[in-house]
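For reference, the structure is listed below as structure tokens.
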């Protein structure tokens with residue numbers, strides 16, 4: 001397993017596999033532990049700053065990101081990142097709570113704050129901006145423990161109408177299925193033949209409603225997420241008397257839309273932070289696919305990132321890091337419902353209880369674990385990396401803090417390599 005090394009001033013040096021040498025340096029006080037995952041040490045004495053030029057490949061995505069740092073001969077770091085997918089739902093829930101604080105519930109009034117100014121140039125939706133910032137943070141973090149000289153990011157642009165209709169061309173782009181309809185509701189009623197899709201007219205109810213198959217929070221108002229129901233079936237469904245065996249009409253294009261919005265923003269913000277010390281470039285998906293097929297590699301996020309870095313024949317690392325993005329704290333301060341007597345109950349514990357925070361990395365009985373729930377009494381819920389409960393109630397003094405939550409849960413896993421390095425090198429360069 002590779003050990004990452006920093007010089008006396010905190011600048012990254014080349015990683016090493018000489019665990020015995022590093023152990024001796026730590027024992028003699030000539031090095032200190034800078035990070036546990038990935039394991040990084042910082043030297044306390046002067047050393048020459050000899051490094052090789054490393055290239056970082058970034059397979060950008062809306063839910064998963066692949067990262068690989070390598071030379072043409074060897075890979076030094078590989079990670080699969082799972083980004084947060086709850087931003088849209090959290091924003092919709094916040095919007096509902098703020099609306100009800102103005103009218104429906106007898107609680108403290110929240111005055112509306114309208115912002116009618118023009119949106120600044122380059123504005124992105126909050127959920128999209130969060131994904132952009134996550135990409136930039138990931139790239140910036142790996143430059144802190146590896147001497148990277150070049151970053152290559154794969155950008156992609158999707159034609160959503162061609163995804164729906166591969167044969168579309170010319171003026172058909174301007175004549176979508178909702179052409180000549182006043183609104184989405186009218187189109188959905190016409191598409192379903194003005195007939196209930198649950199009872200198919202057996203209820204004889206003339207009143208028709210448009211129902212969301214998925215929640216409006218996550219599914220939106222797209223026609224493929226809407227279906228026609230008579231009022232009788234609609235009320236019966238929400239009362240739990242009827243079960244709808246309906247699925248969304250077609251695949252959601254939200255991920256493709258977000259990628260179109262964020263692709264160049266990730267590139268520009270990375271250039272702004274890393275240039276001119278690190279060269280930032282971009283590539284395209286068809287180049288990555290061609291490189292991977294020529295090298296005979298199976299598709300994965302880390303393998304794509306290795307191909308993006310233009311080093312498909314490099315010897316892959318034995319272990320990969322799985323990073324899961326987490327929230328740091330619950331921003332909802334109070335419970336929704338008021339307690340008897342007009343009192344409010346807090347919805348969140350203090351940020352830190354007995355020195356521990358939410359999702360901190362800890363050790364319980366020598367086993368790696370994470371804090372998933374905290375009580376002010378000092379008893380915590382402890383789970384492992386896979387989400388299995390190790391202890392539903394553990395006293396804080398039985399835990400050993402490894403690392404505070406820094407937005408990512410880091411898990412080390414074996415890298416399932418399909419071919420040996422020599423075989424892949426031969427098959428690639430003799431193509």
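The values are calculated or read from the model by the stated rules, or taken from the named source; none is laboratory data. Given the structure is predicted, the values throughout are model-derived calculations rather than measurements. Because the Cβ atoms are built from the backbone with ideal geometry, glycine has one as well, and the counts that use them run over all protein chains shown.
A few remarks follow.
- Complete set of residues in segment 166-189 that are modelled with pLDDT under 70 and assigned to a loop (DSSP other than H, G, I, E, B): 175
- Residue in segment 323-365 that is surrounded by the most Cβ atoms within 10 Å (Cβ to Cβ), counting only those that are at positive phi and modelled with pLDDT of 85 or more: 359
- Only listed residue being closer than 19 Å to residue 148 by Cβ and not in a loop (DSSP other than H, G, I, E, B), chosen from 69, 22, 51: 69
- The single condition among (1) within 29 Å of the chain's Cα centre (by Cα); (2) in contact (Cβ under 8 Å) with a residue 24 or more places away in the chain that residue 52 does not meet is (1).
- Residues of segment 274-295 that are within 18 Å of residue 54 (Cα to Cα) and in a helix (DSSP H, G or I): 274 alone.
- Remark: residue 236 matches the filter, which requires a residue to be without any contact (Cβ under 8 Å) to a residue 24 or more places away in the chain, out of contact with any strand residue (DSSP E or B) (no Cβ under 6 Å at 6 or more places or on another chain), part of a helix (DSSP H, G or I) and more than 27 Å from residue 149 (Cα to Cα).
- Hey, residue 25 without any contact (Cβ under 8 Å) to a residue 40 or more places away in the chain and either surrounded by 17 or more Cβ atoms within 10 Å (Cβ to Cβ) or under 25 Å from residue 271 (Cα atoms) (or both) or not: yes
- Identity of the residue in segment 213-233, over 26 Å from the mean Cα position of the chain (by Cα) and under 23 Å from residue 89 (Cβ atoms), that ends up surrounded by the fewest Cβ atoms within 10 Å (Cβ to Cβ): 223
- Subset of segment 28-45 (residues that are surrounded by fewer than 18 Cβ atoms within 10 Å (Cβ to Cβ), within 30 Å of residue 370 (Cβ to Cβ) and over 30 Å from the mean Cα position of the chain (by Cα)): 32
- Pair list, Cβ < 7 Å and 6+ apart or interchain, from segment 407-425 residues that are in the same structural domain as residue 386 (by TED's automatic domain parsing) and surrounded by 15 or more Cβ atoms within 10 Å (Cβ to Cβ) to residues that are part of a helix (DSSP H, G or I) and modelled with pLDDT of 85 or more: none
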